[in-house]
Amino acid sequence: MKKFLFPLLFCTAALLSAGGKADWISTIDSDYPSSQYITGLGTGPTVQLAEASAKMSLSQQLGESIRGEQKSSLTATKKTEDGSLSISLDERILFQKITGIQIKKSGTKDGLTYALAVLPRKEAGDFYYTKISESDSVTAQYLSSASKESDSLRRLGFMRKALAEAKENEYNLELLSVINPQKYKMVHLSYKNTAAVQSLYDTTAFSVSFYLNTTGEHKQAVEEGITQLLNDYGFSVVTDWKSAAYIFDSDITTSQSSDGRFEYERYSVNSTILLASNERLVTKMSLAGREGHNTYEQARQRTDTKLPGKIRDEYAKQFQELID
């Protein structure tokens with residue numbers, strides 16, 4: 001990926017009017033006109049804290065501007081699919097994402113320490129426009145790989161990566177939209193927006209169907225956990241194996257034990273995913289554990305309650321490896 005000199009230059013910029021009186025406060029608007037700069041004024045007991053306050057103040061202004069842009073867009077369209085921006089923004093996240101903030105001045109006035117943070121619109125706009133373009137290219141590559149993949153699970157793996165990249169690119173789009181609106185208007189994403197990628201993923205995932213075949217005790221709890229897992233990925237669960245793309249075979253064995261104080265039910269769940277067309281093994285998954293209570297029957301009831309969530313969480317880790 002292309003290296004950027006812009007962050008390095010900004011981080012090392014030594015344009016600081018340190019010490020002395022902060023007489024520059026009254027000339028901020030003329031020195032740094034809003035058409036060219038975004039500014040943030042901060043105060044604190046020390047220069048370091050004042051600088052941090054100034055950067056956060058600038059981030060808060062960006063967050064408020066982004067929310068205003070989003071609200072106007074949603075009011076105008078009455079829809080969310082045309083905009084891939086999130087309506088909820090945390091300035092602390094923005095603070096970590098923003099590149100190019102300079103501390104231009106600091107000084108004291110009326111017993112307080114002030115600092116001025118500045119973000120040049122042109123340089124920052126060029127930087128984020130390039131980042132957006134690169135992210136668009138990465139997303140397009142993932143979608144292209146997905147379109148060429150014959151295995152439905154691996155295809156969805158590429159699509160999940162494309163969706164994650166598109167979501168991450170939202171921050172760049174959000175920032176560019178308020179930092180440099182003119183540059184933002186020049187953006188043309190090959191994937192249109194995050195909502196389009198999400199819709200493509202959802203449609204593809206739902207077309208991948210699973211038939212659950214479970215033997216042993218706690219069948220309902222096992223299938224509840226597996227169904228939750230498959231629903232998390234957007235897959236469908238069917239009741240006729242002939243219409244399924246995959247068969248999710250599971251078997252659970254249990255045993256009783258005691259430590260003198262509590263009764264326990266130990267369990268072991270072993271699952272395999274098979275291609276329905278030829279029963280070829282795709283992957284294996286397993287989970288073992290125990291639940292305890294005053295009586296063995298209470299321990300069994302606890303297994304019924306806890307097992308779905310444990311299967312969902314543990315199998316999710318193993319399932320992720322399969323798709324990625």
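The values are calculated or read from the model by the stated rules, or taken from the named source; none is laboratory data. What you are looking at is a predicted structure, and each value in this text was computed from that prediction instead of being measured. Side chains included, ligands, DNA and RNA excluded: accessible areas come from the protein's heavy atoms. Shrake-Rupley method; radii C 1.70, N 1.55, O 1.52, S 1.80 Å.
Counted over segment 95-208 with a bin width of 10 Å, the fraction of Cα pairs per bin, in whole percents, is 13, 34, 23, 16, 8, 4, 1, 0. Quotient of the Cα radius of gyration of segment 176-315 and 2.2 N^0.38 Å, N being its number of residues: 1.50.
Restricted to Cα atoms, segment 126-190 shows a radius of gyration and a Dmax of 13.5, 42 angstrom. A full extension of the chain between Asp232 and Leu112 corresponds to an added length of 37.9 nm, given 0.36 nm per residue minus the alpha carbon distance. Relative to the compact-globule estimate of 2.2 N^0.38 Å, the Cα radius of gyration of segment 152-253 comes out at 1.52. Computed from backbone phi, the HN-Hα couplings of segment 40-55 come to x, 9, x, 10, x, x, 10, 4, 4, 6, 5, 5, 4, 5, 5, 5 Hz, rounded to whole numbers (Karplus: 6.51 cos²θ - 1.76 cosθ + 1.60, θ = phi - 60°; Gly and Pro given as x).
Within the assembled protein chains, the solvent-accessible surface assigned to Asp259 is about 90 Å², based on a 1.4 Å probe.
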